[in-house]
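Structure first, commentary second.
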Amino acid sequence: MWGGLYAQSVNLLYSCRHRVGSHFAHTKAVAPHSAACGGFFIGHSMALRANLIVEPILMNVPEAQGYLRWPEVFENDQSVQIEIGSGKGAFLVAAATQQPQCNFLGIEWARAYCNFAADRLRRRGLYNCRMVRAEALGWIQAHVATASVAAVHIYFPDPWPKLRHHKRRLIQPAFIQQVWRILEPLGKMRIVTDHPGYFSYMEETLAGCPSLRRVPFDSPLTGLDEMLVGTNFERKYAGENRPFYSLAVRKPS
Ligand SMILES: C[S@@+](CC[C@H](N)C(=O)[O-])C[C@H]1O[C@@H](n2cnc3c(N)ncnc32)[C@H](O)[C@@H]1O
């Protein structure tokens, strides 16, 4: 069943319905929140169903919580990296497995993906990971302390190709400002996209924040053969022979 579920098109996941089950308290820093996903349905006609258990990976942070203290969230003193738009969690699984000495937080807006990734991370025992279901900019503004993040990863963000939709793109001046704020000195942001228009837009936007200095893109993972980050979208687009565009910027010391 899991193999079939993994193989589903992401478009089907966009149209999924789900049920949320019990509530639980996650860490000392985080209030009780809805977590367990008793059933999970994909598509309108497909009867695929899996029992997803999202605790203790999924966090629900009350708005009033303010900036989080990572040692309380992760119950360790390791550095923290954030991935925005984690999708089904392939990058987090690989990164958290390869770097158990780091903590990883995935921010994913789509509830179906978020729950799926949380369950996947839990099944692998990757307790150096957390997921939040949230819109990234607002959540970061509200909950991520200044100079508290070692790296930000953004892989295949939605390109919103139509001009009238450009305002929905994640990479905007206000977002870049927040990335600059939350990165530690020498912290890095890495981005990969398949969309040349969005890539140019990112480069222009980043030019407005010269204190994030362009550095060569280096893959955050090892053993990927010819891939850059090994996400589901990279695999899918590589199969279509699409070119990829990558960049990295670093906050000065
Ligand atoms: C094209 S998918 C890429 C998923 C994954 N990174 C990959 O490469 O397979 C983009 C993902 O970003 C999420 N997303 C888009 N905008 C977001 C935002 N503002 N905050 C959080 N997640 C967002 C979407 O829900 C979607 O899962």
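Please work out which residue is farthest from Ala90 (Cα to Cα), limiting yourself to the stretch 122-148 and to residues that are within 14 Å of the chain's Cα centre (by Cα), more than 8 Å from the ligand (Cβ to nearest atom) and charged (D, E, K, R). Per the criteria, the residue is Arg133. The criterion of being farther than 21 Å from Ser86 by Cα, more than 16 Å from the chain's Cα centre (by Cα) and part of a helix (DSSP H, G or I) does not hold for Ser211. Across the stretch 52-67, the qualifying residues are those that are outside any loop (DSSP other than H, G, I, E, B) and either among the aromatic types (Phe, Trp, Tyr) or in contact (Cβ under 8 Å) with a residue 24 or more places away in the chain (or both), and the one among them that is farthest from Ile182 (Cα to Cα) is Leu52. Annotation: Gly197 fulfils all but one of (1) more than 13 Å from the ligand (Cβ to nearest atom); (2) over 30 Å from Pro100 (Cα atoms); (3) part of a loop (DSSP other than H, G, I, E, B); the unmet one is (3).
When the stretch 123-148 is examined, which residues are found to be surrounded by 17 or more Cβ atoms within 10 Å (Cβ to Cβ) and either outside any loop (DSSP other than H, G, I, E, B) or polar (S, T, N, Q) (or both)? Correct list: Asn128, Cys129, Arg130, Met131, Val132, Arg133, Ala136, Leu137, Trp139, Ile140, His143, Ser148. If you scan the stretch 154-188, which residues turn out to be of a type in the set (S, T, N, Q) and either near the ligand (Cβ under 10 Å from one of its atoms) or over 19 Å from Gly66 (Cα atoms) (or both)? Across the stretch 154-188, the qualifying residue is only Gln172. For the stretch 82-119, the set of residues classified as surrounded by fewer than 22 Cβ atoms within 10 Å (Cβ to Cβ) and within 16 Å of the ligand (Cβ to nearest atom) consists of Gly85, Ala90, Val93, Ala94, Trp109, Ala110, Arg111, listed by residue number. Close Cβ contacts (under 8 Å, 6 or more residues apart or on different chains) running from residues in the stretch 232-250 that are within 11 Å of the ligand (Cβ to nearest atom) to residues that are small (Gly, Ala, Ser) and not in a helix (DSSP H, G or I) comprise Asn232/Gly87; Phe233/Gly87. The set of residues from the stretch 71-122 being free of Cβ contacts under 8 Å to residues at least 60 places away in the same chain and part of a loop (DSSP other than H, G, I, E, B) comprises Glu75, Asn76, Asp77, Gln78, Ser86, Gly89, Gln99, Pro100, Gln101, Trp109. Right, Ala151: closer than 25 Å to Gln172 by Cβ, modelled with pLDDT of 95 or more and more than 10 Å from the ligand (Cβ to nearest atom) or not? Criteria met by Ala151. Sort through Leu183, Leu137, Leu170 and tell me the only one that's of a type outside the set (Lys, Arg), more than 22 Å from Ser253 (Cα to Cα) and in contact (Cβ under 8 Å) with a residue 60 or more places away in the chain. One residue alone meets the criteria, Leu170.
The values are calculated or read from the model by the stated rules, or taken from the named source; none is laboratory data. Only a predicted model underlies this, so the values are computations on that prediction, with no experimental measurement involved. Cβ coordinates were reconstructed from backbone atoms using ideal geometry, including for glycine residues, and neighbour counts include every protein chain displayed.
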